[in-house]
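What follows is a single structure, written as structure tokens, with notes after it.
The values are calculated or read from the model by the stated rules, or taken from the named source; none is laboratory data. Everything numeric here is computed off the predicted structure, so don't read it as measured data. Glycine gets a Cβ as well: all are built from the backbone with ideal geometry, and neighbour counts include every protein chain shown. Protein only, heavy atoms only, side chains kept; ligands, DNA and RNA dropped before computing areas. Shrake-Rupley method; radii C 1.70, N 1.55, O 1.52, S 1.80 Å.
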There are 2 protein chains.
Amino acid sequence: MPATKAFAAADAKSPLGPFGFARRDPGPTEINIDILYCGVCHSDLHMARNEWGQTSYPLVPGHEIVGRVASTGSAVSKFKVGDIAAVGVIVDSCRHCEPCGRGEEHFCDEGSTLTYNAKDRVDGTTTMGGYSSNYVVDERFAHTVPSNLSLPAVAPLLCAGITTYSPLRHWNVGPGMKVGIVGLGGLGHMGLKFAHSFGAHTVQLTTSPKKKDDAIKLGADEVLVSTDAEAMKKHAKSFDFILDTASAPHALEPYLQLLKLDATMCLVGLPEKPPALSAFSLITKRVSIAGSMIGGMIETQQMLDYCGQHNITSEVEVIPIQQINEAFERMLKQDVKYRFVIDMSSLK
Amino acid sequence: MPATKAFAAADAKSPLGPFGFARRDPGPTEINIDILYCGVCHSDLHMARNEWGQTSYPLVPGHEIVGRVASTGSAVSKFKVGDIAAVGVIVDSCRHCEPCGRGEEHFCDEGSTLTYNAKDRVDGTTTMGGYSSNYVVDERFAHTVPSNLSLPAVAPLLCAGITTYSPLRHWNVGPGMKVGIVGLGGLGHMGLKFAHSFGAHTVQLTTSPKKKDDAIKLGADEVLVSTDAEAMKKHAKSFDFILDTASAPHALEPYLQLLKLDATMCLVGLPEKPPALSAFSLITKRVSIAGSMIGGMIETQQMLDYCGQHNITSEVEVIPIQQINEAFERMLKQDVKYRFVIDMSSLK
């Protein structure tokens, strides 16, 4: 059993600190990955502080993992030792239900296994995430990484990337469409890059006029400041699709006003307080509010391959693991452009 | 100008009482309808009491109108004197925008003209509804009525009928689908009849176990009592579509749990308090909450023709206009199976 170094939360109140545990040796279809980089997702903070009331301690967060394959089980075909591999938000599922059958393991009827704080289907232990030196995972739940991409900037694709890529694909975002991205954070900046890359007229919606230049640099064709009532009115009923990535509590109504007849706004953020739903907006234009959550293994690989072809990665600030608690605080103040990524060599 | 007898609300606090006014003579494309029956919609009560804060007094409510053509303008082609004609929630629109062009006048870019309490596009007066002896309307906004249907039972089709027919058609409800109807009132009982008639396995969702027998009689293939947690659990993730007709404040979450992956729940009721929207439910199954509002003129005629072919009408309790205030009170207590309809001969 490899001895795994990690950073863990011991309880909801304490900062994360050094922690050691053992992972199993890889089974026949599993690989053992030496983690090089792990992105810092807002969920990591929620879970560390038990803000969703479901955390088991000690908790090792981290589900945006990029590393190098250190060993492989006897039946592994997708990876060989030395390859780069990436792991996202889920590491297992029932593998036999209808959604699993079509590669939508994130919608597994029996529930997929999360990368951390979940019951491992193989050995019954609690899964420990990527703020650690290595991860053992079935090759079905690991992805290959295009060789032209910068590895720290790839890590956030595994959650922030696929979470925005998947709904933009599902709702067929492309040329001829006007698409809004609400929020310019870890998720939002990826949504912006993808929507623009897919050929849509992409409008960054933000409450901060000072984010305008950055949004344009990242690919926005237009920036709409949502506190500018006059500007919002001009854009009323003009959007084909809106991707709402904001996780801070916010009113949905102003964005629903922007939608065309029969258009959809998709939520991917998880506000702590459920927003009020004005049925009036839905009814008068037959619009929909939908939700979307990460993506399946097939689509995650497609997203990584697409990123390789179009040279798309996340904007990141690389930190040593020792700065994780400070990074959490800065994340709360939205003081990051646009995702922290931990350099795991700092664990050694 | 015909002298029109009516019942009107003089202000938000007073009961409706007798009122007289004049309607214009029909223009070239207009017809003058002697009203035989007018359905009593919950909106009539909301508007009479100014519960949406937009009522002009005196208010003559009523937008579920069936009557006999008394005179026609020189260019009218669809009706002749003596024909039965029906009018619903809207009586005009811009007629040149994109939605109007495809017969979706209810989504008119410039706003459609409501049958009462709206500014008349022709003469600038405030529209007065169907709790009256006659109505003057452009033939485009009047419908023919199949001769085999009972006229009082046709009246509610003009609002309750089309409001449920349209979303069931839009989301392609039919054989092989499991469809839920939330609420068994004026709208709900029509949704139930239509969904069953379209060939879907139709499940009536209700908080009252005592409504079970009636729901089965009206066409439910199954009744699910939403307060029965065990039964609700058994039906989790099994519905292809849910039509939510409840206008009393209610939680959406229990119904969202019933939806399959990628399924839609459509709201047609207008709860006074916007319900809280749990993003979690939307996200974990990529489900949608949508809204729908009446239907366009083409679809309303299709609905009436369909009702003629399949002998579908509303369940009604016919009252004289003098009982309208009592009917409002009984409606508030849900003491009606399932729609009051005013016999307008009582006005004379």
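Which stretch or stretches of the stretch B:27-63 have amide N atoms under 18 Å from the point lying 7 Å from B:SER150's Cα along the Cα→Cβ direction? What the label zone holds, given the 18 Å backbone N cut-off, is B:36-40.
Subtracting the Cα-Cα distance of B:SER345 and B:LYS234 from 0.36 nm times their residue separation leaves 34.9 nm of extension gain.
Computed from the C-beta positions of B:ASP34 and B:GLN322 and an R0 of 22 Å, the FRET efficiency is 0.70 to the nearest 0.05. The amide H of B:ASP244, built 1.01 Å from its N in the peptide plane, has B:VAL182, B:CYS266, B:LEU267, B:VAL268 as neighbours under 5 Å, considering only residues 5 or more places off or on other chains. When shorter helices are ignored and each DSSP H run of at least 4 residues is given -39500 (n - 2.57), the per-residue value for the protein assembly as shown at 222 nm works out to -6500 deg cm²/dmol. Segment B:TYR57..B:ARG95, full-extension length gain: 10.9 nm, with 0.36 nm per residue of separation and the alpha-carbon distance subtracted. Determine which aspartates and glutamates satisfy two conditions relative to B:LYS212: a Cα distance under 14 Å, and not lying fewer than 8 residues away in the same chain. Cα-Cα hits under 14 Å: B:ASP221, B:GLU222, B:ASP228.
With the simple spin-label model, which puts each label point 7 Å out from Cα in the Cβ direction, the B:ASP11 to A:ASP213 separation comes to 6.0 nm. Amide H contacts of A:LEU224 (H built 1.01 Å from N, in plane; Pro and chain starts excluded): A:GLN204, A:LEU205, A:THR206 sit under 5 Å, all sequence-distant by 5 or more or on other chains. The share of accessible area on the protein assembly as shown that comes from carbon and sulfur is 51 percent, using a 1.4 angstrom probe. Comparing the chain by itself with all protein chains present, which residues of the stretch A:273-289 are at least 50 Å² less accessible (probe 1.4 Å)? At a threshold of 50 Å² (probe 1.4 Å), the residues of the stretch A:273-289 that become less exposed are A:LEU277, A:ILE283, A:ARG286, A:ILE289. Calculate I(q)/I(0) for the protein assembly as shown by the Debye formula, one identical point scatterer on each C-alpha and no solvent, and give its log10 at q = 0.05, 0.06 Å⁻¹ to two decimals. Ignoring solvent entirely, the Cα scatterers give -0.30, -0.42.
Averaged per residue, chain B has 39 square angstrom of accessible surface, using a 1.4 angstrom probe with ligands and nucleic acids left out. Label-point distances for A:LYS237 to the equivalent site in the other copies, using a point 7 angstrom along Cα→C-beta, read 4.0 nm when ranked shortest first.
Using C-alpha pairs below 8 Å separated by at least 6 residues, the relative contact order for the stretch A:161-291 is 22 percent. Summing Lys and Arg as +1 and Asp and Glu as -1 over all other residues whose Cβ lies under 13 Å from the Cβ of B:GLY27 gives a net charge of -3.
What the phi angles of the stretch A:125-137 give under the Karplus curve with 6.51, -1.76 and 1.60, with θ = phi - 60°, is a coupling list of 6, 7, 5, 10, x, x, 7, 7, 7, 7, 9, 10, 8 Hz, glycine and proline written as x. Suppose you put the label 7 Å out from Cα in the Cβ direction; list, shortest first and in nm with one decimal, how far A:ARG49 is from each other copy's label. Ordered by distance, the counterparts are at 4.4 nm. Only Cα pairs under 8 Å and 6+ residues apart enter the sum, and on that basis the relative contact order of the stretch A:142-225 stands at 25 percent. Exceedance of the 19 Å cut-off in Cα-Cα distance is limited, within the set B:LYS193/B:LYS237; B:LYS234/B:LYS260; B:LYS210/B:LYS333; A:LYS237/B:LYS119; B:LYS178/B:LYS260; B:LYS178/B:LYS333, to B:LYS193/B:LYS237; A:LYS237/B:LYS119; B:LYS178/B:LYS333. Chain B packed on chain A takes about 2800 Å² of accessible surface away from a 1.4 Å probe, both sides summed. The largest-to-smallest principal axis extents of the Cα set in chain A are 62, 41, 37 Å. Couplings 3J(HN,Hα) for the stretch B:221-238, derived from phi with the Karplus relation 6.51 cos²θ - 1.76 cosθ + 1.60 (θ = phi - 60°), are 7, 6, 10, 10, 7, 6, 8, 8, 4, 5, 5, 4, 5, 4, 8, 4, 6, 10 Hz, where x marks Gly and Pro. The other copies place their B:LYS217 label points at 7.1 nm from this one, listed shortest first, where each point is 7 Å from Cα along Cα→Cβ. Working note: Cα gyration tensor of the stretch A:161-291, eigenvalues times five, square-rooted, sorted largest first, giving semi-axes of 19, 16, 15 Å. Were the residues from B:LYS78 through B:ARG102 laid out at 0.36 nm apart, the gain over their Cα-Cα distance would be 6.8 nm. Pairs of Cα atoms nearer than 8 Å and 6+ residues apart set the relative contact order; for chain B it is 18 percent.
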